[in-house]
Amino acid sequence: MAEALTSIRQIERQLSSLRAEPGAETPYQRTSVMTHTAWVPEEWVEAAEDVLHGLAERHPSRTIVLVPEPDAPKGMDANVDQQCFPLAGSERSICTETIEIHLGGEYASRPASIVMPLLISDLPVFCRWRGEPTWGSGELEQLVDLADRIVIDSREWREPTRGYARLVEIFDRVAVSDIAWSLTLDWRLTLAKLWPTIAEQEIRVRGPAAEASLLRAWLASRLRRAVRPVESADALEVQLGGEKIPAPRTEPVSPAELLSNELDRFSREPMYEEAVRAAAAA
């Protein structure tokens, strides 16, 4: 195993070394469409690594994985890796870079100073925050100011509706994507086809807390009226006037694909923001 790197200068040298040694047989080119940062508390590391491995080929980027370890000794330990993928119809390969940095002690509270020197100039910065954000914390504030888009998944939160009340506070500062919201798309398309007859019908929404709360809030915000509180269930379910709506047919989507879809978005999502405000006010 390569020796851990303990400074930004060492990381930059390692990146330069990787670019200078592409391999003996296959010519390559390094390309990036973004700098992708990820805030990954220790309990999320294994899941995050699986997602990032499946993401690299579709979204070539410099990925900076930040693992906060506030109880560890002060300092940073980093490893740099490179993945290469063959270009279709060519002998060349595209290579992307992953930098995993463990932030010990007070380093965990100042991620921006670590990330900024490693950003690729003139490319968008995305930040995937695993778990519920530490609302009001210095590390969240720094990454919000640094990123063009924050990607969250409110299914990972203990009490999503409480989190939505804090999430609205950053809408005017950074674009936000929520994987839980994207999972309601097929239901929203199905229900939209029932307009305007849906307007006066009694609506009941059941399902996992995050998706059900967002779907209910979307309905309330679109219809401009109250909708019954959500009921817990393993999968999304909607009843109109006491009759169950057939669930839309959906194909299984991998965690890597779910994140990849969010990295294709570059602007704010007013409909999502309106739904979150409605969920927070419920």
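The table below gives the values:
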read-out: Condition broken by residue 96, with the remaining ones in (1) at pLDDT 95 or above; (2) open to solvent by less than 10 Å² (accessible area, probe 1.4 Å) satisfied; value: (1)
read-out: Matching residues, segment 40-64, being at pLDDT 90 or above and open to solvent by 50 Å² or more (accessible area, probe 1.4 Å); value: 42, 43, 44, 46
read-out: Any hit, segment 262-275, residues being more than 26 Å from residue 125 (Cβ to Cβ) and of a type in the set (D, E, K, R); value: no
read-out: Check on residue 216, surrounded by 12 or more Cβ atoms within 10 Å (Cβ to Cβ) and within 17 Å of residue 152 (Cβ to Cβ); value: no
read-out: Which numbered condition residue 245 fails, given (1) surrounded by 15 or more Cβ atoms within 10 Å (Cβ to Cβ); (2) touching a Lys or Arg at 6+ places or on another chain (Cβ under 9 Å); value: (2)
read-out: Residue count, segment 114-127 (criterion: more than 14 Å from residue 65 (Cα to Cα) and either touching a residue at least 24 places away in the same chain (Cβ under 8 Å) or of a type outside the set (Gly, Ala, Ser) (or both)); value: 5
read-out: Only listed residue being farther than 26 Å from residue 141 by Cα, surrounded by 13 or more Cβ atoms within 10 Å (Cβ to Cβ) and without any contact (Cβ under 8 Å) to a residue 12 or more places away in the chain, chosen from 206, 222; value: 222
read-out: Count of segment 225-242 residues which are acidic (Asp, Glu) and either under 19 Å from residue 179 (Cα atoms) or open to solvent by less than 20 Å² (accessible area, probe 1.4 Å) (or both); value: 2
read-out: Residue within segment 241-250 that is at pLDDT below 95 and either within 22 Å of the chain's Cα centre (by Cα) or among the aromatic types (Phe, Trp, Tyr) (or both) present; value: yes
read-out: Flag for residue 120 being modelled with pLDDT under 95, part of a loop (DSSP other than H, G, I, E, B), of a type outside the set (Phe, Trp, Tyr) and open to solvent by less than 40 Å² (accessible area, probe 1.4 Å); value: yes
read-out: Of residues in segment 30-39 being more than 30 Å from residue 135 (Cα to Cα) and surrounded by 13 or more Cβ atoms within 10 Å (Cβ to Cβ), the one modelled with the highest pLDDT; value: 32
read-out: Which listed residue, of 105, 89, is modelled with pLDDT under 90, at positive phi and not polar (S, T, N, Q); value: 89
read-out: Number of positions in segment 262-272 that are assigned to a loop (DSSP other than H, G, I, E, B) and either open to solvent by 60 Å² or more (accessible area, probe 1.4 Å) or small (Gly, Ala, Ser) (or both); value: 5
read-out: Verdict on residue 259 being surrounded by 15 or more Cβ atoms within 10 Å (Cβ to Cβ), part of a helix (DSSP H, G or I) and at pLDDT 95 or above; value: no
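The values are calculated or read from the model by the stated rules, or taken from the named source; none is laboratory data. Quick caveat, the model's predicted, so the values are computed rather than measured. All Cβ positions, glycine included, derive from the backbone under ideal geometry; neighbour counts span all protein chains shown. Surface areas here come from the heavy atoms of the whole protein model, side chains and all, with no ligands, DNA or RNA. Shrake-Rupley method; radii C 1.70, N 1.55, O 1.52, S 1.80 Å.
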